[in-house]
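Take a look at the structure set out below.
Nothing in this text is a laboratory measurement; each read-out follows from the coordinates by a stated rule. This structure is a prediction, so every number in the text was calculated from the model and none was measured. All Cβ positions, glycine included, derive from the backbone under ideal geometry; neighbour counts span all protein chains shown.
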Amino acid sequence: MKAKWLDNLIPLHSRYLGIQYAGWKPTKFADENLGCILYSDVYVPMPDGVRLSADIYTPKKKGKYPSIVQFSAYNRDLHTVGMPTGTNEIGSPPNFTNRGYNVVVLTARGVGRSEGELRYWQCDEEVDDHFHAIQWVSEQSWCDGQIVLFGSSYYGMSQVNVAAKEPPALKAFFANEVCTDYFRHVFHYAGLSANSFMSLWAGSNFTEKNIKRYIAPWKRALLSHFINHSWTSKLGHTFINHIYHNLKDHYVAKEALPFYEHILFDLNTREENIAHGPFQQLKNIHIPFVVVQNRTDIALHQFGAYDLFEHSATPENKKWLIINRPEYELPVLEWQLEAAAFFDYIIKGLDNGYQERLPVRYWVDGEEKFEGATTFPPEILRKKNGT
């Protein structure tokens with residue numbers, strides 16, 4: 001694997017945004033300031049011969065490092081630019097390479113430079129590709145064999161899906177904003193078809209232009225310094241509502257149109273759903289994890305975190321639930337430091353204070369701080385509610 005000099009001519013601008021720690025800070029870091037090198041469009045072979053495209057970020061300091069694998073059906077070329085797009089949910093790769101982790105961002109079949117045909121979102125075959133990608137990454141010379149996962153929304157939901165398949169190399173995951181039962185949590189929340197959300201989501205991610213978009217890595221890096229400037233970021237958020245409204249008018253690409261139409265018009269019962277979600281396989285998850293949920297996304301992500309926390313087979317002292325304040329900001333750059341501290345503790349065995357975190361942490365409105373509890377819902381809140 002050889003890095004292209006032009007891809008690394010301009011260092012990618014990295015940043016943190018929003019809450020990074022849920023009411024604490026680690027006492028130490030395993031690694032710091034290791035730098036970042038990008039290996040763009042590395043092809044990852046699947047068992048049937050189809051190759052998936054991946055951008056691989058490694059520390060500049062040579063060695064074998066644990067790898068963060070991030071997998072979705074989104075075109076990834078705007079992820080690291082810093083634009084407030086609905087798919088910008090992987091964090092900033094240099095923040096993790098600096099801390100001693102490789103970052104591997106994979107694109108599903110039929111999207112970007114990945115080969116093959118687009119499949120139904122989060123279907124079993126897509127999860128199988130994720131499984132095989134984890135195995136491939138774990139066997140590379142720059143990986144120490146240990147895989148972890150990080151990301152939000154689609155990048156979070158795919159974590160739970162693949163964790164239920166029990167890849168041998170997967171050691172832990174940190175998921176923000178997940179669903180586990182797609183029919184109840186997304187497509188037919190409260191018994192109503194999610195027409196508005198699906199039009200926005202498909203129109204923003206699965207047009208012909210978006211599916212095949214290509215932005216050279218050096219251009220992404222250059223744009224990241226412009227987009228992430230404070231005044232540019234404020235300007236973008238000024239027009240975000242107008243931009244999102246227009247996305248609903250976009251035409252869905254022919255590759256994705258059958259899936260889109262199925263969800264809007266044919267999906268009336270659970271049996272008609274193509275991708276069910278991992279709610280029936282959560283007992284297969286035994287590895288450590290952190291799951292984060294804010295309190296605003298009622299008709300999308302709200303209940304997956306609680307389902308996962310309650311029904312997974314992970315030991316009680318190896319799983320954590322964080323209930324964040326009611327906000328969701330794009331790009332999703334929250335929780336990168338919490339995740340790095342969690343991985344340092346679980347993967348690198350660092351005594352950094354994570355082992356002392358209570359299983360549940362939740363944001364208290366008015367007091368503007370996180371409180372901790374041993375159970376969910378917290379006992380003190382049960383008493384206040386009379387439940």
Response to the item:
Over 18 Å (Cα to Cα) among Lys348/Lys369; Lys62/Lys219; Lys28/Lys348; Lys2/Lys64 -> Lys348/Lys369; Lys62/Lys219
Worksheet item: Can you give me the Cα centroid spacing of segment 184-200 and segment 1-28 in angstrom?
Response: 34
Discussion item. With an 8 Å Cα cut-off and a minimum separation of 6 or more residues, compute the relative contact order for the chain in percent.
Written reply: 21
Practice prompt. Largest first and to the nearest Å, give the Cα extent of segment 18-153 along each principal axis.
Written response: 46, 34, 24
Worksheet entry | Other-chain or far-sequence residues with amide H under 5 Å of Lys4's (modelled H) | Ser40
Worksheet item: Which percent, to the nearest 5, of DSSP beta bridges fully inside segment 1-115 are antiparallel?
Response: 65
Worksheet item: Going by a ≥ b ≥ c, the root eigenvalues of the Cα gyration tensor, does segment 274-387 fall in the rounded group (a/c under 1.5), the prolate group (a/b larger than b/c) or the oblate group?
Response: rounded
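Shape call for segment 26-97 from the C-alpha gyration tensor, a ≥ b ≥ c root eigenvalues: rounded (a/c under 1.5), prolate (a/b greater than b/c) or oblate?
Working: a/c = 2.16, a/b = 1.31, b/c = 1.64.
Note, shape of segment 26-97 comes out oblate.
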Response to the item:
Of all stretches in the chain that avoid chymotrypsin sites (Phe, Trp or Tyr not before Pro) placed in a DSSP loop and having at most 11 other Cβ atoms within 10 Å, the longest is 6-213
Worksheet item: At q = 0.11 Å⁻¹, what log₁₀ I(q)/I(0) does a Debye calculation on the Cα points of the chain give, no solvent, two decimals?
Response: -0.76
Worksheet item: Where is the GNM fluctuation largest for the chain (alpha-carbon springs, 10 angstrom cutoff): Glu329, Glu356, Glu371?
Response: Glu356
Worksheet item: Computed over the Cα atoms of segment 88-131, what is the convex hull's projected area averaged over all directions, in nm²?
Response: 3.9
Discussion item. Give me the percent relative contact order of segment 19-84, please, defined on Cα pairs under 8 angstrom at least 6 residues apart.
Written reply: 24
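Which trypsin sites (Lys or Arg not before Pro) in segment 22-77 sit in a loop by DSSP (not H, G, I, E or B) and have at most 16 other Cβ atoms within 10 Å of their own Cβ? Before the final figure, lay out the partial values.
Values: sites: Lys28, Arg51, Lys60, Lys61, Lys62, Lys64, Arg76; in loops: Lys28, Lys60, Lys61, Lys62, Lys64, Arg76.
When the trypsin sites (Lys or Arg not before Pro) of segment 22-77 are filtered for loop state and at most 16 Cβ neighbours within 10 Å, Lys28, Lys60, Lys61, Lys62, Lys64 remain.
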Practice prompt. Report the one residue of Tyr154, Leu170, Leu12 whose Cα lies farthest in the direction of the positive end of the charge dipole of the chain (charges on C-beta: Lys and Arg +1, Asp and Glu -1; origin at the Cα centre).
Written response: Leu12
